[in-house]
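Inspection log for the structure reproduced underneath, given as structure tokens.
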Amino acid sequence: ELRWRLASVAAVAARRQGDARTGEAMTGTARDAFERLRSAWKQDFRSYESRPDLADLRNLAARN
């Protein structure tokens, strides 16, 4: 769980610093970790995923 959040924060920070390559790499890492978490948590994931603070982070990290 922590891996996707840290990678998301790193993606946002890298893009804000002008480092598009690292931003893209961290976005990929975050996406992969998020999908692994979704698979592992199954039904419990839906309530986790809908948390407003996490939705905001996902949206920020996904922006190009």
Practice item. Go through region 5-40 residue by residue and tally those that are touching a helix residue (DSSP H, G or I) at 6+ places or on another chain (Cβ under 6 Å) and among the charged types (D, E, K, R). Key: 2
Check your understanding: Which members of region 1-27 meet the condition of being more than 8 Å from the chain's Cα centre (by Cα) and under 21 Å from residue 46 (Cα atoms)?
Key -> 1, 2, 3
Check your understanding: With respect to the numbered conditions (1) surrounded by 11 or more Cβ atoms within 10 Å (Cβ to Cβ); (2) without any contact (Cβ under 8 Å) to a residue 24 or more places away in the chain; (3) of a type in the set (D, E, K, R), which one is the sole condition not fulfilled by residue 15?
Key -> (2)
Practice item. State all residues of region 42-58 that are open to solvent by 80 Å² or more (accessible area, probe 1.4 Å) and within 11 Å of residue 11 (Cα to Cα); if no residue qualifies, say none. Key: 58
Check your understanding: Condition test on residue 31, is it at pLDDT below 95 and either surrounded by 14 or more Cβ atoms within 10 Å (Cβ to Cβ) or of a type in the set (A, V, I, L, M) (or both)?
Key -> yes
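The values are calculated or read from the model by the stated rules, or taken from the named source; none is laboratory data. Predicted model, so just to flag it, every value in this text is computed and none were measured. Neighbour counts run over all protein chains shown; Cβ positions are idealised from the backbone, glycine included. Keep in mind that these areas ignore ligands, DNA and RNA; they rest on the heavy atoms of the full protein, side chains included. Shrake-Rupley method; radii C 1.70, N 1.55, O 1.52, S 1.80 Å.
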